[in-house]
1. If you take the residues of segment 9-22 that are part of a loop (DSSP other than H, G, I, E, B) and exposed (fewer than 13 other Cβ atoms within 10 Å of the Cβ), which of them is modelled with the lowest pLDDT?
2. Can you name the condition, by its number, that Lys298 falls short on among (1) touching a His at 6+ places or on another chain (Cβ under 6 Å); (2) open to solvent by 80 Å² or more (accessible area, probe 1.4 Å)?
3. Can you tell me which residues in segment 263-278 are of a type outside the set (Lys, Arg), open to solvent by 60 Å² or more (accessible area, probe 1.4 Å) and either touching a residue at least 12 places away in the same chain (Cβ under 8 Å) or assigned to a loop (DSSP other than H, G, I, E, B) (or both)?
4. Just to be sure, is Leu326 at pLDDT below 95, open to solvent by less than 70 Å² (accessible area, probe 1.4 Å) and under 30 Å from Arg132 (Cα atoms)?
5. Within segment 100-139, how many residues turn out to be outside any loop (DSSP other than H, G, I, E, B), open to solvent by 30 Å² or more (accessible area, probe 1.4 Å) and either at pLDDT 75 or above or farther than 30 Å from His332 by Cα (or both)?
6. Just name the residue that is surrounded by the most Cβ atoms within 10 Å (Cβ to Cβ) out of those in segment 143-188 that are closer than 19 Å to Asp324 by Cβ and of a type in the set (S, T, N, Q).
7. For Cys205, only one of the following conditions fails: (1) closer than 30 Å to Ala429 by Cβ; (2) at pLDDT 90 or above. What is its number?
8. Do we have any residue at all in segment 221-244 that's acidic (Asp, Glu) and without any contact (Cβ under 8 Å) to a residue 12 or more places away in the chain?
Amino acid sequence: MAIEPERLAGPIKILVVDDAADAREVLQTHLEDAGYAVRTCAGVEEALQALDRGVFDVIITDLRMPKANGLELIQHVRANLQDVEIMMVTGYPSIEGAVEAVKTGAEHYLAKPFTEQELLQAVEAIVDKLSRKRLAHGSANAGSTHGIVGASSAMQHVFKSIDKAGGNTATVLIAGESGTGKELVARAIHYAGPRRTAPFVSVNCTAIPENLIESELFGHVKGAFTGAGNTRAGFFEIAEGGTLFLDEIGDASLAMQGKLLRAIQEKTIYKVGSSRAVQVDTRLIVATNKHLPQLIDKGLFREDLYYRINVIDIPLPPLRERGDDLLLLVNHFHDRFAKDLDRPVPVFSDEALRQLMAYHWPGNIRELENLMQKLVLMCEGARIESVDLPPQMRAARPVARRLDYSLAEYEAEYIREVLDSVQGNKTKAAAILKIDRKTLREKINGRR
């Protein structure tokens, strides 16, 4: 089965070069049956003419042919057509031949005889790689909905939830790790609804000292406390008719949670120092990077408030679970920073892209954005190699997926990967794993 041809712009075009007519016919039949557009040539000279007249995504060439061989074709392509993948096919398999083909520029090598399945699997891998490369280099259309970059199935679910939430005024809970874009989703909900012309006010609960947060949210009257020289509106009133976004709601104190509950239930607030109720028409969207049911079990979060804010629940996936969205974001950020910094748009080597895809991304999109800015700013040339990446990314590799692993072995492997990604910092690893340091220590000691 061919790999999703729609992932590339236009049909996938393959040029087959082989001096043997029967070999050309077999390749063409198998590939066309799989949905690819195929052109065949009997030699290098004919292939060069075809390349001058048309554009191809993949070239499949035989090694030994009369007049000019496949290596000469590869050299020409690599010197003139960088955005083309090449596979060498030969009936004379040898280590030397494979090494020479790879050195010349053919990263894919298939020995005759091969089955239809082997051929299609090899081509699928090539097309998948080409799709990823073009996503990262901007040759494919980057998916963007509500101003949020993403095309994965996980993000499609988020976009549908934004559409549903935008059509009403129900309270929304956005849950996700730090750096996943919770405020972007909150803004998208606001601007997708009828309140788009009213204020959107964003408040980070952890950025306001505990002794000031009530005054900041609800306002205060003159003389309510030392320094209160004038009556002041709080964020609930400032966002009147619009949306108030409270980030990191899980860090609010129990006392503040009680006041928020009353504001949500009664749609009224009380300024600090006043006993007069003030009616407010403010939509509330809250976000957290914590698991609120666990906080409820520990007595750190009010269950009644949880049910009030969790009318519409939008979980945000971490970057490591968003697949090729990472490449869309790479393209988005390096284009933006190259323009802002008046630098050339960088091109990533295949190895650098592989390492970006293998990395765990504990800091999610925020970490990726920071890295793209740094690479555009600091790299000498317009090409990003693996050596330009931070050490923890160069060491990253995908978690092995074996069906003979026990659950304990999977857990041990995952813990090791997380520890590696944060250079052994147990506090950071515990935060990623959502367990405390004691539990992490026990799991580490238990697997030794």
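1. Quick first cut of segment 9-22, residues part of a loop (DSSP other than H, G, I, E, B) only: 9-12, 18-20.
So of that shortlist, the ones also exposed (fewer than 13 other Cβ atoms within 10 Å of the Cβ) come out as 9-11.
Values: Ala9: 45, Gly10: 49, Pro11: 65.
Among those residues, the one meeting the criterion is Ala9.
2. (1)
3. Filtering segment 263-278 for residues of a type outside the set (Lys, Arg) gives 263-266, 268-270, 272-275, 277-278.
Narrowing further to those that are open to solvent by 60 Å² or more (accessible area, probe 1.4 Å): 265-266, 270, 273, 275.
The answer is Gln265, Tyr270, Gly273, Ser275.
4. Working: at pLDDT below 95: yes; open to solvent by less than 70 Å² (accessible area, probe 1.4 Å): yes; under 30 Å from Arg132 (Cα atoms): yes.
Yes, satisfied.
5. So the first thing to find is which residues in segment 100-139 are outside any loop (DSSP other than H, G, I, E, B), and the list is 100-104, 108-111, 116-137.
Now restrict to residues that are open to solvent by 30 Å² or more (accessible area, probe 1.4 Å): 100, 102-103, 108-109, 111, 116-118, 121, 124-125, 128-129, 132, 137.
Cutting the leftovers down to either at pLDDT 75 or above or farther than 30 Å from His332 by Cα (or both) gives us 100, 102-103, 109, 111, 116-118, 121, 124-125, 128-129.
Residues meeting the conditions: 13.
6. Thr180
7. Against the list (1) closer than 30 Å to Ala429 by Cβ; (2) at pLDDT 90 or above, Cys205 comes up short only on (2).
8. Taking segment 221-244 and keeping what is acidic (Asp, Glu), we get 237, 240.
Next, from what is left, pick out any that are without any contact (Cβ under 8 Å) to a residue 12 or more places away in the chain: none.
No, segment 221-244 has no match at all.
The values are calculated or read from the model by the stated rules, or taken from the named source; none is laboratory data. These numbers were taken from a predicted model, which means no experiment stands behind them. Cβ atoms come from the backbone with ideal geometry, glycine included; neighbour counts cover every protein chain shown. For the accessible areas, the whole protein counts, side chains as well, though only heavy atoms, and no ligand, DNA or RNA atoms are used. Shrake-Rupley method; radii C 1.70, N 1.55, O 1.52, S 1.80 Å.
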